[in-house]
Amino acid sequence: MIESLLVANRGEIARRIIRTARRLGVRAIAVHSEADADLPFVAEADEAVCVGPANPAQSYRNTEAILAAARSTGAQAIHPGYGFLSENADFARTVEASGLIWVGPGADAISAMGDKINARNLMAAAGVPVAAGTTEPAADLTAAVAAAAEIGYPVMVKAAAGGGGMGMGVAADEAALRTEYDKVRAFAERMFGDGSVLLERYFPRVRHVEVQILGLADGRVLALGERECSVQRRNQKLVEESPSPTVSPELRSRLLAAAVRAGEAVDYRNAGTVECLLDPATGEFFFLEMNTRLQVEHPVTELVHGIDLVEEQLRVAAGLPPTFDPDALTSRGHAIELRINAEDPKRFLPGPGTIKTWVEPIGEGVRVDSGYVEGNTVTPFYDSLMAKLIVYGQDRTEALARARAAVAAFDLSGPKHNLPFFADLLENQEFLSGNYDTTIVSRLR
């Protein structure tokens, strides 16, 4: 097993990784910005290094500062968490070139999946279903208009280098396309340094279902069930559950087989996620993207499979076999995750501030992965995620009941927060039925 691990992240996910590292006897090293010096993950690490000011470009994305911290602390490996440098192929290569272990997939796999057009083409060649769309970037507006006419409106206009729901727009006709194309291209150049744009068929009513994969050290790729991620705002997830409440055994089999093919196509190692769009009217699903990292929503998979995905990541990175029998994968029960964000519960606009009260719910089947405690300040410099409230039950009915009780018991004041939204959602008949899609939030506001 790896002996010392630098966690190149912050908040909830840094704390989560440190918890597993310390359980395994791995020395955990935190890096932090000046703004995060008082957060729990810094105190809970065996060692901590300040890598710069609040601006992420000068701290959590500062590759030179992070590598210097690894050298000065004698770290053997680097875990990037999610966001920041987690899907930066150049950083992964630099880490390995420095003689350190990268806890994640190989840089080639990250590169292959980082370009959404290249990823679509690779998946199509591997026999993974893809929606109608462009096989090369729309070089200009004329090319985009021609491509949209062939695909058929409405179309999704996407940044080829984007991810996480960013850099996307919907065009119902040519006039809208002209506006969205320029908007997405400008955003992509500003955010990703790459203005390449792709077009895909847009489905107005669709479900977002993903499959957790784990590429083992021996080369095998496993599929660890699916997660339903259709409760979203601004194309970003708020709720995830596993298993999906409406995926049939036959559809599940097809989804998992396609996800394994996707991983095998890029010689995938470590944890990753194959995201798909599911048309509830036809039962067809289409590849959306592959996230070459640990997902925010990994706890629901952990609970229904009885494993620690961070531990499995560390074992793969160290060349060790998994803790479970790959030929006898089992799952049981139902898990739901709610993302507790510092944002107002109606418009979902950020509402940072100092936490005056923070009392987490407890009880059977309740887990809270948090990045903050009472007295901490949620700053405007980073993502608004404060904690993940995860519940587990023997079935969905029990999990929903525990979720309602846990939301009611979560005592939080100071920053704005979305707990009232979840209280409403957990009483909503459409959500309770399990038969919902990515437009459900728009009907709750």
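Which of the residues belonging to the stretch 240-259 are loosely packed, with under 15 Cβ neighbours inside 10 Å and either among the charged types (D, E, K, R) or in contact with a Phe, Trp or Tyr (Cβ under 8 Å, 6 or more places away or on another chain) (or both)?
Of all residues in the stretch 240-259, those loosely packed, with under 15 Cβ neighbours inside 10 Å come to 248-250, 253, 257.
The one that is loosely packed, with under 15 Cβ neighbours inside 10 Å and either among the charged types (D, E, K, R) or in contact with a Phe, Trp or Tyr (Cβ under 8 Å, 6 or more places away or on another chain) (or both): GLU250.
Would a scan of the stretch 135-146 turn up a residue that is in contact with a helix residue (DSSP H, G or I) (Cβ under 9 Å, 6 or more places away or on another chain), surrounded by 15 or more Cβ atoms within 10 Å (Cβ to Cβ) and touching a residue at least 60 places away in the same chain (Cβ under 8 Å)?
Looking for residues that are in contact with a helix residue (DSSP H, G or I) (Cβ under 9 Å, 6 or more places away or on another chain), surrounded by 15 or more Cβ atoms within 10 Å (Cβ to Cβ) and touching a residue at least 60 places away in the same chain (Cβ under 8 Å), one finds at least one in the stretch 135-146, hence yes.
Does GLU241 count as touching a Ser or Thr at 6+ places or on another chain (Cβ under 9 Å), modelled with pLDDT of 95 or more and of a type outside the set (A, V, I, L, M)?
no
Among the residues that make up the stretch 160-169, is at least one of them at pLDDT 95 or above and crowded, with 16+ Cβ neighbours inside 10 Å?
Kept after step one, since they are at pLDDT 95 or above, are these residues of the stretch 160-169: none.
No, the stretch 160-169 contains no residue that is at pLDDT 95 or above and crowded, with 16+ Cβ neighbours inside 10 Å.
Test ASP395 against the criterion of being farther than 18 Å from PRO420 by Cβ and either surrounded by fewer than 20 Cβ atoms within 10 Å (Cβ to Cβ) or among the small types (Gly, Ala, Ser) (or both), and give yes or no.
When the stated conditions are applied, ASP395 passes them.
Filter the stretch 222-237 down to residues that are in contact with a Phe, Trp or Tyr (Cβ under 8 Å, 6 or more places away or on another chain) and crowded, with 22+ Cβ neighbours inside 10 Å and give me whichever is nearest to ASP325 (Cα to Cα). Give the steps one after another, and end with the answer.
Restricting attention to the stretch 222-237, the residues satisfying the condition of being in contact with a Phe, Trp or Tyr (Cβ under 8 Å, 6 or more places away or on another chain) are 230-231, 233-234.
Now restrict to residues that are crowded, with 22+ Cβ neighbours inside 10 Å: 230-231.
On the way: SER230: 31, VAL231: 33 Å.
Per the criteria, the residue is SER230.
Name the residue, out of ALA37, ALA119, that is outside the structural domain of THR379 (by TED's automatic domain parsing), crowded, with 22+ Cβ neighbours inside 10 Å and in contact with a strand residue (DSSP E or B) (Cβ under 8 Å, 6 or more places away or on another chain).
Result: ALA119 is the single residue among ALA37, ALA119 that is outside the structural domain of THR379 (by TED's automatic domain parsing), crowded, with 22+ Cβ neighbours inside 10 Å and in contact with a strand residue (DSSP E or B) (Cβ under 8 Å, 6 or more places away or on another chain).
The values are calculated or read from the model by the stated rules, or taken from the named source; none is laboratory data. Quantities reported herein were computed from a predicted structural model and do not represent experimental measurements. Cβ: placed from backbone, ideal geometry, glycine included. Neighbour counts: every protein chain shown.
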